[in-house]
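Working notes for the structure below.
What follows draws every value from the coordinates through simple rules; no lab data is involved. Computed from a prediction, not measured in an experiment: that's the story for all the values here. Note: ideal-geometry Cβ built from the backbone for every residue, glycine included; neighbour counts use all protein chains shown.
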Amino acid sequence: MRRYLWLLLILGLQSALAAPPAVPQMAVLEDAQHSETLASIQQPDRQALFKPFDKGFSGGYSRSVFWFRLSLAQTDTLRARDDHWLLEIQPPYLDDLRLYLPDPRAPGGYKEVRGGDLLPLNERPYAYRSTVFRLPPEALQGGELYLRLHTSSSSLLIAKLWKQEDFQSAKISEYGAFGLYYGLLLTLILLMLWQGLWRKDRLFRAFLLYAGGIMLFMLGANGLASQFILPQHPWVGHYWTQYGSFLMYASGAYFYRLVLQIDARTPWLNRCYKLIQYSHLLLLPTPALGLYVEAAGLAVSLTLLMIALGTVRSISLWRAGNRAAGLLILAHFASLMGALSAGLALLGWLPGDLWLVHGFQIGSLASILACAQVMVWRVRAMERQWRDEQLRALGFERQSRIEQQARRAQADFISLLSHEVRTPLAMIDGAVQSLQLMADTHHPEVQQRHSRIRRGVRRINDLLEHFLHSERLDEPDLRITPQWLECQAFCNQLIQDQHLAQHVQLHVATPSVYADPQLTAIALGNLLSNAGKYSAAGQPIELHLTRQGDWFCCEVNDRGGGITDAHLPHIFQRFYRVPGGGDVDGSGLGLYMVRRIAELHGGQVNAEPRDGGGMCFKLLLPYPEEANP
């Protein structure tokens, strides 16, 4: 960046040390009706209507024709007849320029020479980005020249007289400055493209659109598109500037809306920026319709409003502690100064001057450099965030490995415990059954003690089964194998296995269900087992199987004591048991396994109190239409 600034400084000094151009004395006559001719404006009454001006002329966005009278006789530097002089007319985007040079041999005593951006480069008086007329020595002695201007853009006109050698020397520095300007813009664009963040961050895409829009517009506005890109197709360069201005303004509104964090939290600002952005896009057809003069004035006014609102917004962000807001203030201040000077000149409120005309170009460069620094900070913040996320991901991965190791150790322990305990439990249960057969049946206390031992054995076996099922359900690679099950037969077998045939009232309203048979048997078995444990003696358990839209619903109703609202949110958690369960056997895993099985199927389970007491548990499993048997 420092090298660019040093080169710009050197070029600026070189340009300042070069011989300055002469400025002819000028006066202007506005022809709103397009009725004037060279002969008519030379009449004494029309000559009196010419208005002199000291600096460049600015007629704003107007459809009028402007006639200029250039007085050369009083310019001291023009006295050398043998010098070759050039008349430079800026800016480059003027459509139709006609210079009338004194020539006794021509009709009316003047020869017409045409210029403007609608002429191909090889047909212009001088091969240059703007219009340059060659002045023959005899034209300098006549004292006055006339220039006619008619353009579809802003009627700005700055005229300068150069010696040919001085002009060529000054333009070398000028093109060098242009090269640095566009090289800097292109470097910023390539750096942002190289980062690749535009693929996932729309702020970077907006910055690329804005920087690209500025570069393309300036190529047209500076006449470089017509000179170097398509010199034989002047209409491309002509419309390049007009369409490029709207695209640049629209992309600028889009970028600043994002970088200033203007969204739903700032509704009126959001509406203003969107209105400005879409207004510029809606103005795109106006050049083709011949309405650019009216549209351009509106576009410049909207842009000045947008920059003013952005300045206020950036100050607000700075007060709120936003680090980047200071640079955004600088960016908007530079844009405001440049756009305000250029905008007022384009609108005809300030006289035309190259510094004013190029004010927007200078301001936009300073603005884009400040915004580029904001984007650099954003890149660094994203890199820090990425590193933090990587560290967190490594931490999560390490913690996951630790948990998996602990889970594997727990599963191995439970498997070992189940294998080592079940054999002696089976021996105990078999021994107790033998003792029951040999015991004296006239002593009920002996039988009662035998039954208590067998219930304890069954309880330990049930606990082991629950632990094994729970560990299996928590395995990350567990896959279900659903198939169509015939509901009536499936539930009858399940009720018999649970020894609840005399307590369950079965109601089947759907013929089949699409589910994993083993896991579904575990889930329904746990629901029926819970209902049997907590229901009052002699109270029936209701099992309803229905289809509710796209769901298979298994509803288990009991007439137990119910569950209070304070415990309902926790009953499906692992190892959770409702306090006050008394001597009811349980491991706190049954309902947890029901929930896991429902989740594995893509379903859900819920519980709610019943009217009149008891609970209603609903197991919902998806019922796929495309898999009908």
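Taking amide H as placed 1.01 Å from N in the peptide plane, H84 has its amide H under 5 Å from the amide H of Q164, each at least 5 places away in sequence or on another chain.
Bridging of K533 to lysines at a Cα separation below 23 Å is possible for K618, once same-chain residues fewer than 8 apart are set aside.
For segment 527-575, the gyration tensor built on C-alpha atoms gives an oblate shape. Its axis ratio a/c (a ≥ b ≥ c) is at least 1.5, and a/b is not larger than b/c.
Beyond 24 Å between alpha-carbons counts as too far, so tell me which of K55/K163; K111/K163; K51/K160; K55/K111 fall in that bin. Where the Cα-Cα span goes over 24 Å, the pairs concerned are K55/K111. Residues whose amide H falls under 5 Å from that of D516, counting only those 5 or more places apart or on a different chain, are Q483, with hydrogens built in the peptide plane. Modelled label positions at S301 and A48, each set 7 Å beyond Cα in the direction of Cβ, lie 3.6 nm from each other.
When the chain is fully extended, how far beyond the present Cα-Cα distance does V508 get from L38, taking 0.36 nm per residue of separation?
158.8 nm
Of the peptides 363-375, 289-301, the order by per-residue mean of other Cβ atoms within 10 Å, starting with the highest, comes out as 363-375, 289-301.
Inter-label distance, R202 to Y576: 4.0 nm, where each label sits 7 Å from its Cα along the C-beta direction. Taking a straight Cα-Cα cut-off under 27 Å and skipping sequence neighbours fewer than 8 places away in the same chain, the lysines within cross-link reach of K274 are K200. Here the Karplus curve 6.51 cos²θ - 1.76 cosθ + 1.60, taken at θ = phi - 60°, turns the phi angles of segment 34-43 into couplings of 6, 9, 7, 10, 4, 5, 6, 6, 8, 5 Hz, with x standing for Gly and Pro. Of the trypsin sites (Lys or Arg not before Pro) found in segment 244-284, the ones in coil according to DSSP and having at most 11 other Cβ atoms within 10 Å of their Cβ are R265. For the pair Q232 and R392, the difference between a 0.36 nm per residue extended length and the Cα-Cα distance amounts to 51.6 nm.
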